[in-house]
Amino acid sequence: MTARILILNGPNLNMLGQREPAIYGHETLQDIEKLCLAATRKNNQTLDFRQSNYEGELVTWIQQEKDKINGLVINAAAYTHTSIAIHDSLKLLTVPVIEVHLSDPQKRENFRHFSYIEPLAAKVFSGLGAQGYIKALDYLSTNL
Ligand code: CA2
């Protein structure tokens, strides 16, 4: 079976590579998308890779795609720590959700320590940079 994977990226991740390389690395989001595309080809998955700065748009995409995908990888960025709306929309999913962060929020400011995504995630990959996305795709390829 070819698994359909949706990767969602939250606010400001479209600016990756433009500041704070010590925290987030030098790769742009487009670089990460290319790496993910190569990984999904290797894993016999299809990829839909998106980014939004709008909470409601992320919620709408989750609602629209919930019955069309086999797995969701999400880096909700700052909404990780604030969004009950995204938490509630993820509850609609019956497929595995993998939470990814480029940095390790646990090693940063206190306000990044709580995640509204984590209780609904089958797995969390943090602090691995772009490799976290690849690990998430590999996890889904062996755990669906
Ligand atoms: O480490 C991650 O992937 C985060 O999800 C990134 C979020 C942050 O709020 C989370 O606590 C952890 C921030 C994304 C902002 O990304 C930028 C990176 C470089 C330049 C501009 C924005």
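The values are calculated or read from the model by the stated rules, or taken from the named source; none is laboratory data. Just so it is clear, the model here is predicted, and its values are computed rather than measured. Positions of Cβ are backbone-derived with ideal geometry, glycine not excepted, and every protein chain shown enters the neighbour counts. For the accessible areas, the whole protein counts, side chains as well, though only heavy atoms, and no ligand, DNA or RNA atoms are used. Shrake-Rupley method; radii C 1.70, N 1.55, O 1.52, S 1.80 Å.
Okay, residues lined up against (1) in contact with a Phe, Trp or Tyr (Cβ under 9 Å, 6 or more places away or on another chain); (2) modelled with pLDDT under 95; (3) within 25 Å of residue 92 (Cα to Cα); (4) not in a loop (DSSP other than H, G, I, E, B):
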site	(1), (2), (3), (4)
18	no, yes, no, no
22	no, yes, no, yes
30	no, no, no, yes
33	yes, no, no, yes
Just to be sure I understand the filter: pairs with C-beta atoms under 8 Å, separated by 6 or more residues or on different chains, first member in region 102-122 and of a type outside the set (D, E, K, R) and part of a helix (DSSP H, G or I), second member open to solvent by less than 90 Å² (accessible area, probe 1.4 Å) and more than 10 Å from the ligand (Cβ to nearest atom). Which pairs pass?
119/87; 120/87; 120/90; 120/93; 120/97
Restricting region 1-16 to residues that are closer than 25 Å to residue 69 by Cα and assigned to a helix (DSSP H, G or I), the residue that is least open to solvent (accessible area, probe 1.4 Å)
13
Which ones in region 48-99 are outside any helix (DSSP H, G or I), open to solvent by less than 10 Å² (accessible area, probe 1.4 Å), in contact with a Phe, Trp or Tyr (Cβ under 7 Å, 6 or more places away or on another chain) and in contact (Cβ under 8 Å) with a residue 40 or more places away in the chain?
73, 98
Looking at region 1-27 only, could you name the residues that are within 16 Å of the ligand (Cβ to nearest atom) and within 15 Å of the chain's Cα centre (by Cα)?
7, 8, 9, 10, 11, 12, 13, 14, 16, 24
